[in-house]
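None of the figures in this text is laboratory data; all of them are computed from the coordinates on show. Keep in mind that what you see is a predicted model, and the values were worked out from it rather than measured. As a convention, Cβ positions derive from the backbone with ideal geometry for all residues, glycine included, and neighbour counts pool all protein chains shown.
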């Protein structure tokens, strides 16, 4: 799969997201219906908003990077949203853990103590796995 195509499709998806404020799995697929196309995992909501915050991260003992995609392949993209509203993670004013703002390297993380409301939203993530 040509990475330019994936990035172009991601940009078009990004433009759709800006217009709708919601993620749409069908519209945002890099190449819908292609058999040898990267595929999105199901949404993962490993952590709930209890304790110190919400963490959909690769820090132990949370997500296991090698178990996300088939054959232990590394994911090539990530999407994050708020579980209850399905709104994109950056369309809110919550303070995220530094370096954990929906990155493929770290995931997404939020401490309750950093929020004016006293709690984080319940995030979920999904990953784009290579074919």
Quiz item: Could the peptides 94-102, 118-126 be put in order, highest first, of the mean number of other beta-carbon atoms found within 10 Å of their residues?
Solution: 118-126, 94-102
Practice problem: Percent of Cα-Cα pairs per 10 Å bin, from 0 to the last occupied bin, for segment 73-131, please list those. | Solution: 24, 52, 20, 5, 0
Quiz item: If the label point is 7 Å along Cα→Cβ of residue 101, which residues in segment 38-62 have backbone nitrogen under 15 Å from it?
Solution: none
Self-check item: Interatomic Cα distance distribution for segment 35-129, bins of 10 angstrom, percent
Solution: 17, 51, 25, 6, 1
